[in-house]
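S.K.: The structure is given below, and queries will be raised subsequently.
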Amino acid sequence: MKNYRDISSNNNNIAMGNSRQIFSFAIKRNWILIFLLASHQMAFGQVNRLIQQLHKPSDQKVMVAAHRGDWRNAPENSLAAYKLAMQKGVDIIEVDLKMSSDSVLVILHDKTLDRSTTGKGKVSALTFEEIKKLKLKDGLGVPTEETIPSLEEVMLLAKGKVLVNLDHSTPFFVEAINILNKTGTLKQAIFKSDEPYEKLFNRYGPLLSCITFMPVIETDYGGNQKTIDEYQKKLGAVAVELVFSKDTTMVFRNHVLIKTKGSKVWVNSLWPDLCGGHNDDLAVLHGNLEQSWGWLISHGANIIQTDRPAELLAYLRKRKLHD
């Protein structure tokens, strides 16, 4: 029979063993917490850097926005197109918002399904479940296995990685903000509108102070410096999207004034009427890089939305204007 001293010794050994296990577990737990924290910081380090860059109006580096994703290699506005664009290293992806009949925000450019999907009729006439049964078509009109994504799906894909340009978003600010808050991506989103400030404020009021905003200034349709000044003064516009068919427009020529008042200059090089003829095809199909992207950059553009993300990134990196 064991005496008291033996029992006491055994209890001490067990206690010491338990203490070691507890201590070991605590160390492991702390390392796990450190690892998770580091992973979180790494995951959001990229997008935080882009957010900081977006708020530096005179930064010499040029940010690249992929129009509808990398749609030449995957169906436009598909998750596949956005993944490819992100893999290429773009800073921003552009999405076009529409709403289903049951109030789900989906990503599609047209109001109707006919051109880019296997469906027919208006997007707004179908439920999200019905929309999800359709297939997106590629650039040649051939159906693929890609489906129409929701805004929530795209934001989860982009979370911590790239900024997101919310095009066609004016009617849906409230619904979009709800999705962005739900996914933790509000700071990654750029809202935009071509409406005058007063009209937009009457519609959304103080809600505008919660978002990152960029006005669209269409110079051929009356957009002018006064509109820009009002948005910069009253809403702190992070950028100004300039649309101009002639490169002699004074609004674009006054890009220095836009930057000194705190906004970047966004230009779309998608086709000639949007950028005074200094478009993507001039660069890629005709090899005239300096009269296309080079001209836009030399005249103040420090965000360019493109249908040729790979080629534009290669050009910028060669000029050390992009990481």
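The values are calculated or read from the model by the stated rules, or taken from the named source; none is laboratory data. Since the structure is predicted, the reported quantities are computational estimates derived from the model, not experimental observations. Note that we place each Cβ from the backbone using ideal geometry, even for glycine, and neighbour counts take in every protein chain shown. Surface areas here come from the heavy atoms of the whole protein model, side chains and all, with no ligands, DNA or RNA. Shrake-Rupley method; radii C 1.70, N 1.55, O 1.52, S 1.80 Å.
S.K.: Among the listed residues Lys182, Lys226, identify the single one that is open to solvent by 30 Å² or more (accessible area, probe 1.4 Å) and farther than 28 Å from Thr260 by Cα.
M.R.: Of the residues listed, the single one that is open to solvent by 30 Å² or more (accessible area, probe 1.4 Å) and farther than 28 Å from Thr260 by Cα is Lys182.
S.K.: Now for a different question. When segment 107-124 is examined, which residues are found to be assigned to a strand (DSSP E or B) and within 23 Å of Leu140 (Cβ to Cβ)?
M.R.: Ile107, Thr112, Thr117
S.K.: Out of all the residues in segment 83-92, which are in contact (Cβ under 8 Å) with a residue 24 or more places away in the chain, outside any strand (DSSP E or B) and either more than 21 Å from Gly141 (Cα to Cα) or among the small types (Gly, Ala, Ser) (or both)?
M.R.: Across segment 83-92, the qualifying residues are Ala85, Met86, Lys88, Gly89, Val90, Asp91.
S.K.: Please enumerate the residues belonging to segment 123-137 that are of a type in the set (A, V, I, L, M, F, W, C) and either surrounded by 16 or more Cβ atoms within 10 Å (Cβ to Cβ) or within 23 Å of the chain's Cα centre (by Cα) (or both).
M.R.: Those that are of a type in the set (A, V, I, L, M, F, W, C) and either surrounded by 16 or more Cβ atoms within 10 Å (Cβ to Cβ) or within 23 Å of the chain's Cα centre (by Cα) (or both): Val123, Leu126, Phe128, Ile131, Leu134, Leu136.
S.K.: I'm trying to understand the selection: among the residues of segment 93-114, which are open to solvent by 40 Å² or more (accessible area, probe 1.4 Å), free of Cβ contacts under 8 Å to residues at least 24 places away in the same chain and over 23 Å from the mean Cα position of the chain (by Cα)?
M.R.: Thr112, Asp114
S.K.: Here is a further query. Give the residues of segment 239-292 that are in a loop (DSSP other than H, G, I, E, B), free of Cβ contacts under 8 Å to residues at least 24 places away in the same chain and touching a Leu at 6+ places or on another chain (Cβ under 9 Å), sorted by residue number.
M.R.: Asn279, Asn288, Gln291, Ser292
S.K.: Here is a list: Ser245, Ser263. Which entry is among the polar types (S, T, N, Q), buried (at least 18 other Cβ atoms within 10 Å of the Cβ) and modelled with pLDDT of 95 or more?
M.R.: Matching residue, one of Ser245, Ser263: Ser263.
S.K.: Report the residue count in segment 135-159 for those that are among the small types (Gly, Ala, Ser) and under 21 Å from Ala239 (Cβ atoms).
M.R.: Total meeting the criteria: 1.
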